[in-house]
1. Which condition number in (1) on the phi > 0 side of the Ramachandran plot; (2) of a type outside the set (Phe, Trp, Tyr); (3) within 13 Å of the ligand (Cβ to nearest atom) is the one that Glu105 fails?
2. Within the stretch 131-141, count every residue that is within 12 Å of the ligand (Cβ to nearest atom) and outside any strand (DSSP E or B).
3. Is there any pair with a first residue in the stretch 229-248 that is under 11 Å from His264 (Cβ atoms) and a second that is open to solvent by 50 Å² or more (accessible area, probe 1.4 Å) and basic (Lys, Arg) whose Cβ atoms are under 8 Å apart and which are 6 or more apart or on different chains, and what are they?
4. Which residue is nearest to Ile136 (Cα to Cα), if the candidates are limited to the stretch 173-183 and must be part of a helix (DSSP H, G or I) and polar (S, T, N, Q)?
5. What pairs come up if the first residue lies in the stretch 179-202 and is over 17 Å from Ala167 (Cβ atoms), the second is of a type in the set (Asp, Glu) and surrounded by 13 or more Cβ atoms within 10 Å (Cβ to Cβ), and their beta carbons are under 6 Å apart, counting only those six or more places apart or on different chains?
6. Please work out which one of (1) touching a residue at least 12 places away in the same chain (Cβ under 8 Å); (2) under 22 Å from Ser266 (Cβ atoms) is the condition Ala160 fails and give its number.
7. Could you go through the stretch 27-47 and let me know if any residue there is within 16 Å of the ligand (Cβ to nearest atom), within 18 Å of the chain's Cα centre (by Cα) and not acidic (Asp, Glu).
8. For the stretch 131-151, give me each residue that is under 14 Å from Ser217 (Cα atoms) and either open to solvent by less than 10 Å² (accessible area, probe 1.4 Å) or touching an Asp or Glu at 6+ places or on another chain (Cβ under 9 Å) (or both).
Amino acid sequence: MIANRPLTLIKANVTNSGTRGDRVYTQVNNITIGYSDHGTGLPIVFLHAFPLNRTMWTTQERLLSSQFRIITIDLRGHGESDAPLWRYTLDQSADDVRALLDHLEIQQALFIGLSMGGYILFAFYRKYAARVKGLILADTKAQADTEEGKNGRFQLAQIAYKKGPSAIADVMIPKLLSPMSIQTKPDLVRQVRAMIEGNQISGIAGDLMAMADRPDSFPLLSQITCPTQIIVGGLDQATPPSDAKLMAEHIPHARLAIIPNAAHLSNLEQPETFNQIVSAFATELTNGKES
Ligand code: MLT
């Protein structure tokens, strides 16, 4: 059942905030969350993939902040946010996002989640649908993990624990980027590796457990009533176009865009196409023209 709550802003879970150098941070739900907030206009909140951080959205932030208010968040366990050694859940990440919105006094936003960011958006929508003006679900899927998938996550957590984040980068990069990008875009590969290596083991393992425990969001799809855009890289093998088509078939009036020559990190591999799709959807949402 989707909670349909009134749009009252309660700041009880936000206790402290400020800047340290270039870093903007605030305390939500007893942890520090790093985020950035640039531009004016329709707020667009970007939720990153596993095991990356908010800097995966740098190009989107740079190009779209002339038209919109762009908020990127380091999810709990990643980047400049705290990575406590504790039990993680995607509901908890959704609560962190809501607390940050309260802190920023944003009642409604367009949300973009890529892969794990999309899983968190399903959790967010279940709890806080009234805060969602529109959804962009990129390179993600509604289904829960299979038993095999859960086992794979525990094996990956063991690798993180025994060998550290650089071993996670070795495993993940071929799943995140297309073979062509790996061969021809060394700067992009370095950027992705640096994001992964910048994470703490507690955050990597915590999110793996959280993703393994996530519920099946397939029953939610038909209840999503906001305008929704789905995006997927045509070469995505982690969450392939077949998963994107399934979401597009079951979310009322959802649109689907398949980006050629991109794998799982479609926003990084084909930023121009990705930005065009986001900009067109956000512009229609602003003007109230979307179906
Ligand atoms: C991601 O990109 O967030 C991950 O590939 C998601 C997953 O492992 O299911």
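The values are calculated or read from the model by the stated rules, or taken from the named source; none is laboratory data. Since we're looking at a predicted model, the values are computed, not measured. Reconstructed Cβ throughout: ideal geometry from the backbone, glycine too, with neighbour counts over all protein chains shown. For accessibility, only protein heavy atoms count, side chains too; no ligands or nucleic acids. Shrake-Rupley method; radii C 1.70, N 1.55, O 1.52, S 1.80 Å.
1. Of everything listed in (1) on the phi > 0 side of the Ramachandran plot; (2) of a type outside the set (Phe, Trp, Tyr); (3) within 13 Å of the ligand (Cβ to nearest atom), Glu105 misses just condition (3).
2. Selection size over the stretch 131-141: 3.
3. What qualifies is Gln237/Lys175; Ala238/Lys175.
4. Out of the qualifying residues, it is Ser181.
5. These pairs meet every condition: Ser181/Glu269.
6. Going through (1) touching a residue at least 12 places away in the same chain (Cβ under 8 Å); (2) under 22 Å from Ser266 (Cβ atoms) one by one, Ala160 breaks only (2).
7. Yes, there is a match, as at least one residue in the stretch 27-47 is within 16 Å of the ligand (Cβ to nearest atom), within 18 Å of the chain's Cα centre (by Cα) and not acidic (Asp, Glu).
8. Of everything in the stretch 131-151, those that are under 14 Å from Ser217 (Cα atoms) and either open to solvent by less than 10 Å² (accessible area, probe 1.4 Å) or touching an Asp or Glu at 6+ places or on another chain (Cβ under 9 Å) (or both) turn out to be Leu137, Thr140, Lys141, Ala142, Gln143, Ala144, Asp145.
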